[in-house]
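The structure appears below as C-alpha cells.
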Amino acid sequence: MYDGGKIIIGLIIFIGISIFPFILTMGKAVAKPEPKLDTPEIQKMVEKKCVESKMYMKTEHMVMLNDWRDAVVRDGLRLYKATDGKLYDMSLQNTCMKCHSSKKNFCDQCHNYVAVKPYCWDCHIAPQEGT
Amino acid sequence: MSIRRRDFLKIAGVSAIAGIGGVSALSLLKIKGSEASSYIEDPKTLKGKRWAIAIDIQKFQTPEDYARVINACHSIHNVPDIGNPKEEIKWIWTESYEHSFPSQDYGNPYIQDHLKKKPFLVLCNHCDNPPCVRVCPTKATFKRKSDGIVMMDMHRCIGCRFCMAGCPYGARSFNWRDPRPYIKKINPEFPARMKGVVEKCTFCYQRIAVGLQPACVEASKGAMIFGDLADPNSEIRRVLSSRYTIRRKPELGTNPSIFYIIGG
Ligand code: SF4
Ligand code: SF4
Ligand code: SF4
C-alpha cells in the first residue's frame, strides 16, 4: 500500500470529524419534549379533547393548519366540522391558542426538540406568556 | 437459477398491484381521523355578491370624524405606525381632492372651495376589474368570486410589489421592516404581518364572516354606507340612485366599489 500512513491518518481524521457531534453530546441527556396541557382553559374542560384525536393531531396538525388556512383565506369557509360533529372556528390565534395558551410550554417543546422553526409566528400573535 | 421471462412479468405485475394497493391503504390510514370532517361557511356570514361602500363626504367635518374611522381600522388590524412617511403602512387614510380625483380636477382651478380644501377618506376600492390581481404572480392577491372582495393571502405574498405598481390608487403598502415593534396596541385576535409582504384593506372579511359590517363603517356613525351592489333593494343602491356620487379615476376601467356622495 502506497502512502499507507497518510491514508490511515486521513481516515482517522475523517472518522473523527464524522462522529464529533455524537461525542460532543455523549452522556448528556437531551431534555425530552414535554408539551404541557395544564392550561386553565384545558383544565376547565369536562372532556379533555382537541378538535381531533390526540394521535391525529400529533402527526397531522401541520397539514390540518395548512388546510384550515386555505379554507379560511381563499374560500371564506371559517367553520370546521370535526369528525365527532362538533363545530370549531378555524383560527390559530382564536381557537388553537385559546386552549394551548402557552406557546413556550406547548408548541416550542417539540418544535425545538426536532429543530423545526414554523413561520406561523412571523405574523400570527402568540398569547402572552406567564399570565 | 434462471427466471423465465413469463414468471418475471407475473411477479412484476403482482408487486405493482400490491404497491398501488399498499399506497392507497396508507393514504387511507393517513386521512383517517378527519375523513368525516368538513369545512363549512359560518351561517352568520353576510350574504352579498358585490360589496361596496358609499362615503358621505358632508358628514366628515372635524378631524375627529376622520381619525375615529381610521383608528377603528388600524387598531383592530394591527396596522403599525412606523412614523416615517417613506415606510408608512396604511389601509385607510386621507388624501386631498386633487390627489383623490385627479381626473375631475384636471384643468379646473375654480372648483368649489369646500371640495378643494377637504380631506377625502381613501382605501382599497375593491375594484371589479382589479389590476393588482392581474399582475400578482402568486395569486397572493385575488378577487373572491363569492362577493367581489379583493383579498390578500399574506401567506403567499413574495413581496415582489408588482401589485403596488399595478394599483392606480396607492392602496397598498409594503413592509420594509418587521412591523411588530411599531404596533401600538396589539389586537390578539387578528394576525400582524412580517417584513417583506404587501398589505391593504381586506374589506373586513373576518367581520363580514360573522355578520358584522366593516369596522370603518361601524365607526363612521352613518357617514359610510355598506351594502351589496348586486341587490337592487339594498340601502347602498337606494343611496346611489338618489344622490350624486363619484368614484376615483373611473376612466381607468377598474370599476371601483367605493363611492363618494358629493351632492344632495
Ligand atoms: S384599489 Fe388598488 S389594491 Fe384595491 S382592488 Fe383596486 S387596484 Fe387592487
Ligand atoms: S407583492 Fe405580494 S401581493 Fe403583490 S404582486 Fe407580489 S406576490 Fe402578489
Ligand atoms: S373595510 Fe375594514 S379593512 Fe377596509 S378600511 Fe374599512 S375597516 Fe379597514
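The values are calculated or read from the model by the stated rules, or taken from the named source; none is laboratory data. Bear in mind that the values here come from a model prediction, so they are computed numbers and not experimental data. Note that we place each Cβ from the backbone using ideal geometry, even for glycine, and neighbour counts take in every protein chain shown. When the accessible area is computed, the model is the full protein with side chains, heavy atoms only, and any ligands, DNA or RNA have been set aside. Shrake-Rupley method; radii C 1.70, N 1.55, O 1.52, S 1.80 Å.
Here are the numbers:
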{"read-out": "Furthest towards positive pole of dipole, A:Ala31, A:Asn66, A:Val51, structure part the range A:1-110, Cβ charges", "value": "A:Ala31"}
{"read-out": "Those aspartates and glutamates that a straight Cα-Cα span of less than 20 Å connects to A:Lys54, excepting residues fewer than 8 apart in one chain", "value": "A:Glu34, A:Asp38, A:Glu41, A:Asp67, A:Asp84, A:Asp89, A:Asp108, B:Glu35"}
{"read-out": "Loss of accessible area when A meets B, both sides summed, Å² nearest 100, probe 1.4 Å", "value": "2700"}
{"read-out": "Fluctuation leader among B:Thr245, B:Thr62, B:Thr141 - chain B, Gaussian network, Cα springs under 10 angstrom", "value": "B:Thr62"}
{"read-out": "Using θ = phi - 60° and Karplus 6.51 cos²θ - 1.76 cosθ + 1.60, couplings along the range B:143-152 (whole Hz; Gly, Pro as x)", "value": "9, 6, 5, 5, 9, x, 5, 8, 9, 10"}
{"read-out": "For the protein assembly as shown, with +1 on Lys and Arg beta carbons and -1 on Asp and Glu, the positive-most of A:Cys107, B:Asn78, B:Val150 along the dipole", "value": "A:Cys107"}
{"read-out": "For chain B, projected area of the alpha-carbon convex hull averaged over all directions, nm²", "value": "22.8"}
{"read-out": "Size of electric dipole in chain B: Cβ of Lys, Arg +1 and of Asp, Glu -1, about Cα centre, debye, nearest 20", "value": "1060"}
{"read-out": "Max mean-square fluctuation residue, GNM over chain B, Cα-Cα springs under 10 Å, options B:Tyr244, B:Tyr66, B:Tyr39", "value": "B:Tyr39"}
{"read-out": "Distant-in-sequence amide H partners of B:Phe259 (H built 1.01 Å from N, under 5 Å)", "value": "B:Ile53, B:Ala54, B:Ile55"}
{"read-out": "Loop-exposed chymotrypsin sites (Phe, Trp or Tyr not before Pro) per DSSP, neighbour cap 12 Cβ within 10 angstrom, longest uninterrupted part of chain A", "value": "A:3-118"}
{"read-out": "Alpha carbon convex hull of the range A:88-131, volume per residue in cubic angstrom", "value": "79"}
{"read-out": "Summed side-chain charge close to B:Arg243 - residues other than B:Arg243 whose Cβ falls under 13 Å, Lys, Arg +1, Asp, Glu -1", "value": "+1"}
{"read-out": "The range A:22-131: GluC sites (Glu not before Pro) in DSSP loop, at most 12 other beta carbons within 10 Å", "value": "A:Glu47, A:Glu129"}
{"read-out": "Folded to 0 to 90 degrees: helix A:4-25 orientation relative to chain A principal axis, Cα", "value": "30"}
{"read-out": "Computed over the protein assembly as shown, Cα set: Rg, Dmax in Å", "value": "28.5, 102"}
{"read-out": "Cα shape, the range A:33-123, gyration tensor, a/c 1.5 rule", "value": "oblate"}
{"read-out": "Residue of B:Ser96, B:Ser234, B:Ser38 that the Gaussian network model of chain B assigns the largest fluctuation, springs spanning Cα pairs under 10 Å", "value": "B:Ser38"}
{"read-out": "At most 11 other Cβ within 10 Å, DSSP loop - chymotrypsin sites (Phe, Trp or Tyr not before Pro), the range B:91-164", "value": "B:Tyr106, B:Tyr110"}
{"read-out": "The range B:168-264: Lys pairs at Cα distance under 22 angstrom, eight or more positions apart or on different chains", "value": "5"}
{"read-out": "Karplus (6.51, -1.76, 1.60) ³J(HN,Hα), θ = phi - 60°, over the range B:76-85, in Hz, Gly and Pro reported as x", "value": "6, 9, 6, 7, x, 10, 6, x, 9, x"}
{"read-out": "Lys, Arg +1 and Asp, Glu -1 on Cβ, resulting dipole of the protein assembly as shown about Cα centre, debye, nearest 20", "value": "780"}
{"read-out": "C-alpha long axis of helix B:5-31 to longest principal axis of chain B, angle in °", "value": "40"}
{"read-out": "³J(HN,Hα) computed for each position of the range B:209-217 - Karplus, 6.51 cos²θ - 1.76 cosθ + 1.60, integer Hz, glycine/proline x", "value": "5, 10, x, 9, 6, x, 4, 5, 5"}
{"read-out": "Net dipole in debye of chain A [+1 Lys, Arg Cβ; -1 Asp, Glu Cβ; about Cα centre; nearest 20]", "value": "220"}
{"read-out": "5 angstrom amide H check on B:Lys118, placed H, neighbours 5+ away", "value": "B:Tyr97"}
{"read-out": "Relative contact order, percent, the range B:83-135 [alpha-carbon distance under 8 Å, six or more residues apart]", "value": "43"}
